[in-house]
Structure formats: C-alpha cells, structure tokens
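Engineer: Have a look at this one before I ask anything.
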Amino acid sequence: MSQIKGKDTKPEILIRKFLFSKGFRYRLYDKKLPGKPDIVLTKYKIVIFVHGCFWHGHKNCKYFVIPKTRTDWWLKKIERNKQLDCDNFQVLQELGWKVLTIFECELKKNIRDKTLNELITEIY
Ligand SMILES: [Zn+2]
C-alpha cells in the first residue's frame, strides 16, 4: 500500500484482457485527460477508472477498512482522493466523456463475470 496509483495492477490487466478479447481497442493512462484514466476507449468516448477499494474509499465495502492507528490522517487522505476523483469525473464529463468506474472488489472471482458483462452493456 505504498503508492496511490499503481500501474499494471491485476484488476486493470483483467479488464484490458477482457476488452481486448471482445475486440475493443484502447489507450492507457492518457496524460492529457484529467485523472489519467486507466483505460480510454476513444472510439466510444469512454474512460474507465479501475479503483482500489481502500484508496478510493469504496462506500459500504468490506475492503475499505480504515486503519486503527492514525485514523484521522487516513480519513483525510482518502477523503482527498475521493474529492479528486469527483473533480476529475466532472471535468471529463464536461469534455463529453462517459466515465465508468470499476472497484477492485467488483472483480473478485464470484462476481467478475457479472461486472464485465455489465461493463460491455455500458459501453454499447
Ligand atoms: Zn470495494
């Protein structure tokens, strides 16, 4: 948990492989867009963020557990991440992008297929 946003994390690779297998082509970590979206589907004007449940404070999620030590510090940090996400989404939407977010826990084995199928529905 030493970094906020890792590159090539497992959940991202999973989604990329899935999209690729369905014939979608994408760009990664587009620096020109706010928040550097993990996956950019230019053709569909869609950006996808793959979020860790902890760092992005996934609401009502069992993987989002605030540490018992330095609790205030963590809360502040995560609140700030959430605010940044929110700001980025807003700007992206103003630029005409559709923003999709997938949380790590939504890619756990038992619900992965459901999540990925829903993703496809969102894209079309
Ligand atoms: Zn979660």
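The values are calculated or read from the model by the stated rules, or taken from the named source; none is laboratory data. Fair warning: this is a prediction, and the values are worked out from it, not measured in the lab. As a convention, Cβ positions derive from the backbone with ideal geometry for all residues, glycine included, and neighbour counts pool all protein chains shown. Side chains included, ligands, DNA and RNA excluded: accessible areas come from the protein's heavy atoms. Shrake-Rupley method; radii C 1.70, N 1.55, O 1.52, S 1.80 Å.
Engineer: Are there any pairs, at least 6 apart or on different chains, whose C-beta atoms fall under 8 Å, with the first in region 110-124 and over 17 Å from V40 (Cβ atoms) and the second in a helix (DSSP H, G or I) and acidic (D, E), and if so, which?
Structural biologist: Within 8 Å, the pairs are R112/E106; T115/E106.
Yes/no matrix, rows are residues, columns are (1) in a loop (DSSP other than H, G, I, E, B); (2) closer than 16 Å to I39 by Cα:
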residue: H58; (1), (2): yes, no
residue: K68; (1), (2): yes, no
residue: K82; (1), (2): no, no
residue: C86; (1), (2): no, no
residue: Q90; (1), (2): no, no
residue: V99; (1), (2): no, yes
residue: C105; (1), (2): no, no
residue: I111; (1), (2): no, no
residue: L119; (1), (2): no, yes
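Engineer: When you scan region 98-110, do you find a residue that is more than 16 Å from the ligand (Cβ to nearest atom), in contact with a Pro (Cβ under 9 Å, 6 or more places away or on another chain) and either under 27 Å from L19 (Cα atoms) or charged (D, E, K, R) (or both), even just one?
Structural biologist: From region 98-110, those more than 16 Å from the ligand (Cβ to nearest atom) are 98-99; that's our starting set.
Right, trim to in contact with a Pro (Cβ under 9 Å, 6 or more places away or on another chain) and you get 99.
Now drop any that are not either under 27 Å from L19 (Cα atoms) or charged (D, E, K, R) (or both), which leaves 99.
Within region 98-110, one or more residues are more than 16 Å from the ligand (Cβ to nearest atom), in contact with a Pro (Cβ under 9 Å, 6 or more places away or on another chain) and either under 27 Å from L19 (Cα atoms) or charged (D, E, K, R) (or both).
Engineer: Let me ask something else. For region 60-85, which residues satisfy the criterion of being closer than 22 Å to I15 by Cβ and either among the hydroxyl-bearing types (S, T, Y) or under 14 Å from the mean Cα position of the chain (by Cα) (or both)?
Structural biologist: Y63, N81, K82, L84, D85
Engineer: Something else: Taking region 18-37, which residues are surrounded by fewer than 11 Cβ atoms within 10 Å (Cβ to Cβ) and either of a type outside the set (S, T, Y) or closer than 14 Å to V50 by Cα (or both)?
Structural biologist: So the first thing to find is which residues in region 18-37 are surrounded by fewer than 11 Cβ atoms within 10 Å (Cβ to Cβ), and the list is 21, 23, 25, 31-32.
Those that are surrounded by fewer than 11 Cβ atoms within 10 Å (Cβ to Cβ) and either of a type outside the set (S, T, Y) or closer than 14 Å to V50 by Cα (or both): G23, R25, K31, K32.
Engineer: Can you give me the number of residues within region 38-51 that are over 30 Å from L75 (Cα atoms), open to solvent by 10 Å² or more (accessible area, probe 1.4 Å) and touching a helix residue (DSSP H, G or I) at 6+ places or on another chain (Cβ under 9 Å)?
Structural biologist: Number satisfying all stated conditions: 1.
Engineer: Here is a further query. Tally up the residues in region 31-77 that are closer than 22 Å to D87 by Cβ and within 12 Å of the ligand (Cβ to nearest atom), please.
Structural biologist: Going through region 31-77 one residue at a time, the tally reaches 12.
Engineer: Something else: Does region 91-124 hold any residues that are open to solvent by 70 Å² or more (accessible area, probe 1.4 Å) and touching a Cys at 6+ places or on another chain (Cβ under 8 Å), and which are they? Reasoning before the result, please.
Structural biologist: As a first pass, look at region 91-124 and keep what is open to solvent by 70 Å² or more (accessible area, probe 1.4 Å): 93-95, 98, 104, 108-110, 113-114, 117-118, 121-122, 124.
Hit for region 91-124 is E104, nothing else.
Engineer: In addition: Could we say that F54 is under 14 Å from P11 (Cβ atoms) and either free of Cβ contacts under 8 Å to residues at least 60 places away in the same chain or open to solvent by 90 Å² or more (accessible area, probe 1.4 Å) (or both) here?
Structural biologist: Values: under 14 Å from P11 (Cβ atoms): yes; either free of Cβ contacts under 8 Å to residues at least 60 places away in the same chain or open to solvent by 90 Å² or more (accessible area, probe 1.4 Å) (or both): yes.
Yes.
Engineer: Here is a list of conditions, (1) in a loop (DSSP other than H, G, I, E, B); (2) modelled with pLDDT under 95; (3) not hydroxyl-bearing (S, T, Y), and R25 meets all of them except one; can you say which number that is?
Structural biologist: Condition not satisfied by R25: (2).
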